[in-house]
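Comments concern the structure below.
Read the figures in this text as sums done on the coordinates, not as results from a lab. Quantities reported herein were computed from a predicted structural model and do not represent experimental measurements. Glycine gets a Cβ as well: all are built from the backbone with ideal geometry, and neighbour counts include every protein chain shown.
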Amino acid sequence: MRLSRGDDMVYPDFQFHSATRGMVAVFLKLIFLAVFGLLFLAGIVFAQTEAAPDEENCLICHRYPVLGRYDENGNRRVYYINDQLYANSVHGKLRCKSCHVDLDKIPHENVKKVDCSTQCHIKDPSSNREFSHKNMVQKYQHSVHGMGAGEPNGFPEDRPTCTYCHGNETYNPYAYAGFWGKSEELSRETLARCQGCHTDKTWTKKIYAHFTHRMRRRRNQDEIIKLCTSCHEDEKKMERHGLEAVSTFKDTFHWTLVKYDVQNAPDCITCHIPVGYTTHEIQPRTDPVSPVYKENRIKTCSNQGGIQTCHPAATMKFAEGRVHAYGTKVQLLADEDVATAKTREGEPLLMARAREEISAEEVFHYKVLSWISLIYKILIAGVIGFMSVHQLLDFRRTRKKNKKEANHGGK
Amino acid sequence: MAQNYIIKVKDGKKYFLRFTVNQRLQHIILASTVIILVLTGMPLKFHGTLWASYLYEQLGGISLAPIIHRVAAVILLLLGGYHLGYLTYNFYVEEIVPLRKNGKPGLIAITKAVLRQPIIPNLKDIRDILDLLKYLFFLTDKKPLGAKYTWKEKFDYMAPFWGIVMIGSSGIVMWGQDLATKILPGEIISFALIVHSDEALLAALFLFFWHWYNVHFSTSVFPMGTVFLTGYLTEELMVEEHYEYYVEVMTKEGFENEILPPPGVSAPHAPENHEEGSPIS
């Protein structure tokens, strides 16, 4: 898992068995106290003066890297804030309480998860009003991934929250790979040019990083695929929603291109959120606004907003060929007799959706594809098996014969 | 161009013509294009493995290797076309023309002529396979006596026809996927991908296991049979592999008195043969 939900960090790799947890907790408390004391002294001596103004005095505690605990599940939670990293992050001008509302008591009680649609006390330069991600959050809740607007969508625990995808690694001192992160192409020269006029270096760096991040894709193809498949390859989770797990993308040539680092190699968003669509408003493929809705596919394959042209001469027939959809649904229909016999959880919904969405032609295509695969498996195994057996027998026979002849010659 | 003597005698040893210069050139083009195609294709099938990405990088990576692959593929397809023309022409000159002279170029006569060609599988091949099984399982000491082309060689020869048709057509579909899907359903691209890569794997394994074993690693030719370069086979191997044809050629060329005994019974007569300059040493 990349990230926790909410504002603090979870490290599931640091899990303990429940038996040892109590002992560990005592030890940790002791170590915690000792280190806390030492660092407190050190912090006074080496306090960094360039940090962002901390008007709420949160850093009085949160500046210490060991500040954290193990939660009920044995996950390590770190409450450390590196004030310099934070000041350089896109949220650096915000005060802690702008997002972490209702934290007036120490020690904190009833800590709520951060709600990204909160109005923060920072002015949006375009409208000069209080800024908020509310717009985005509302649009997102209407999308297929969202919690639903009005009537809630099912299984809220499965639905990705803002921070599931927007892992702001700046706040994570362990995952953070330098100030420039993974965007190696960020140009210090360009930044220097900005700083020519915008003399506040921290501000300029921050705005520059924000723009350049927004102008390019934050994740490469491999990372996008990892992010999407972190849910979409989970069969059980998908079944609950009447979806099939993505299993066959990695059989496609698109994936091969990704593996060989081809520039603009197609990943999930290339086709599912092409140019002109946004991630936050993604809809099911049965919806006419979806880029993979049948009628829209030619455009998606051939010419995305005049910018990305992968298969410029794509025809309807071309676009109808499904890229990686021979998953569970087609399989269910193809061997229906077997499928009705077993009762896996959520199968009725999946089966109903399969009947609704998959045409007889597609089932036929799937069968042809399976036959071809099977025939080749048999052919390869058969030919290679036969050849190996022949070779072994031949080798053994020839050796025997040579021995015999050598004996004759000796006499 | 060197004249193609059926039997060449050099230093008292006889060498037997197997492949003409034309055929050898065709084989070299076939072999080199297939090796290039396998090298530039397999890393795509086995992407994600270390050897594949390393090998692919050596061959120019994703920006160059596909071009090499396509150039080699075009050469191979042209060779396939040339070979079909070559076969037709030879068949016309050697079979149809004589038939015309006799005045009976009927369908039955032509079919018979086709079946008579030494490369076409026939009943003897089935007998040979059964005899070979007997030999391999120690039921007999006699190896089947090969004709001009043994069933193994026929298998080797026929396989590329199937391979080129399957891999070639699926490759063309993927190359011109926009054009192909004007006529065929879009699913054809998925079919083509599977056929192309699985058939290629089959072909590669076949070539490297079977063909290379027979011409390189088999105990009688190790480390390498040179016939694909020189076009001539030694008398020893000729007796071993193609005894029937050997007798036929020796008789035709006037060497009736020097015919060696068949492979199974060569040992007892060995001393006599040595005096006559047999290649066995």
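Structural remarks
- Rounded to the nearest 20 debye, dipole of segment A:238-358 from Cβ charges on Lys, Arg, Asp, Glu: 240 debye
- For A:G321, the residues 5 or more places off, or on other chains, whose built amide H falls under 5 Å of its own are B:G186, B:E187.
- Shielding of B:178-188 by partner chains, average beta-carbon count, 10 Å: 6
- Sequence ranges B:102-110, B:202-210, ranked by mean other-Cβ count within 10 angstrom, highest first: B:202-210, B:102-110
- Ordering B:V239, A:V383, B:V114, B:V173 by the number of other Cβ atoms within 10 Å of each residue's own Cβ, fewest first, gives B:V114, A:V383, B:V173, B:V239.
- Peptide A:308-317 - average C-beta neighbours from other chains (10 Å radius): 3
- Here segment A:238-358 is described by how far its Cα atoms reach on the three principal axes: 49, 32, 29 Å, from widest to narrowest.
- Approximate spin-label separation B:K112-A:S373, in nm, with each point projected 7 Å along Cα-to-Cβ: 5.1 nm
- Amide H contacts under 5 Å for B:Y149: none, restricted to partners 5 or more places along the chain or on a different chain, H placed in the peptide plane at 1.01 Å from N.
- Over segment A:184-247, the alpha carbon radius of gyration divided by the compact-protein estimate 2.2 N^0.38 Å works out to 1.82.
- For a modelled paramagnetic label at A:I307, 7 Å from Cα along Cα-to-Cβ, the residues of segment A:271-287 in reach, with backbone nitrogen under 17 Å, are A:271-282.
- Summing Cβ point charges (Lys, Arg +1; Asp, Glu -1) relative to the Cα centre of chain B gives a dipole of roughly 820 debye.
- Part-to-part distance (alpha-carbon centres) for segment B:149-228 and segment A:388-409, which is given in Å: 31 Å
- Which of A:V275, A:L349, A:S247, positive extreme of dipole for segment A:238-358 (C-beta unit charges): A:V275
- Here the 3J(HN,Hα) profile of segment B:92-101, calculated from phi with Karplus coefficients 6.51, -1.76 and 1.60 at θ = phi - 60°, is 5, 5, 8, 10, 5, 4, x, 5, 4, 4 Hz, Gly and Pro shown as x.
- Rg then Dmax, both in Å and based on the Cα atoms of segment B:158-227: 16.7, 53.
- Cβ-Cβ FRET estimate between A:V144 and B:E248, R0 fixed at 51 Å, reported to 0.05: 0.10
- With both labels modelled 7 Å from their Cα along Cα-to-Cβ, the B:R70 to A:D124 distance reads 4.8 nm.
- Extents of segment B:33-114, taken as max minus min of Cα coordinates on every principal axis and listed largest first, are 64, 18, 13 Å.
- Under 5 Å between amide hydrogens, built in the peptide plane, is the criterion, and for B:K143 it picks out B:G264 among residues at least 5 positions away or on other chains.
- Shielding by other protein chains, B:127-135, mean Cβ within 10 Å: 1
- Segment B:129-134 - phi-based ³J(HN,Hα) in whole Hz, Karplus 6.51/-1.76/1.60, Gly and Pro as x: 5, 4, 5, 5, 4, 4
- Residue-by-residue Karplus 3J(HN,Hα) for segment A:55-68, coefficients 6.51, -1.76, 1.60, Hz, glycine and proline x: 5, 8, 6, 5, 6, 4, 9, 6, 7, 8, x, 8, 5, x
- By the Stokes-Einstein formula, at 0.890 mPa s and 25 °C, chain B with its Kirkwood radius over alpha-carbon pairs has D equal to 112 µm²/s.
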